[in-house]
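Let me begin by presenting the structure, written as structure tokens, before commenting on it.
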Amino acid sequence: MVICDMCGAEVDEFLDAIVEGVSMSVCEKCSKYGEVVALKPKIFSIKKVEKKEPEQTELIVDNYAELIRKGRERKGFRQNELAKALGEKESVIQGVEAGRFKPGLVLAKKFELVLGIDLVNSYKEVKEGKKLNLRDKSLTIGDVVRAKDE
């Protein structure tokens, strides 16, 4: 049983109607106060899946602590001044320079910007295609398709 949105009566079937600009589920009696509308069927579409470009990976260089310390000294910053410039705590700067704490990408990029150094290297993943022996008698069409997709 469904309840009519307009009169509150319990009905077995309801109609969708627009009454004074509002879409409502109403009984047959109340449908005369509005315009009965048919529900639009949902249309599903199939999206074409695009091949992704090779992912770019960003890694922080191994000698980050030394580079940060030298960059800070070259700019004439003390650790507390660098901390203020970066919006970080002085203990974070101390830990990074001592090598006890490896900065994340966001912090590393802050260091790069303020100190004018390079801490982040970008690498693109390169996938090598699978090589097929076309003289192999057990080779199937599926093997060729999979090799093409890889």
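Here, each number is a calculation from the coordinates, and none is a lab measurement. All of these numbers come straight from a predicted model, not from anything done at the bench. Virtual Cβ from ideal backbone geometry, glycine too; neighbours counted across all protein chains shown.
Key figures
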| item | result |
| --- | --- |
| Mean Cβ neighbour count within 10 Å, used as a protection proxy, ranking 73-79, 131-137 highest first | 73-79, 131-137 |
| Anisotropy class of segment 63-120 from Cα gyration tensor, a/c 1.5 cut | rounded |
| Per-pair calculated FRET efficiency, R0 = 30 Å: Leu59 and Gln79 via Cβ, rounded to 0.05 | 0.75 |
| Computed magnitude of the charge dipole of segment 63-120 (debye, nearest 20; Cβ of K, R +1, Cβ of D, E -1) | 60 |
| Amide H partners (placed H, <5 Å) of Phe101, local residues excluded | Val96 |
| Distant-in-sequence amide H partners of Met6 (H built 1.01 Å from N, under 5 Å) | Cys27 |
| Peptides ranked, highest mean first, by Cβ atoms within 10 Å: ranges 20-26, 140-146 | 20-26, 140-146 |
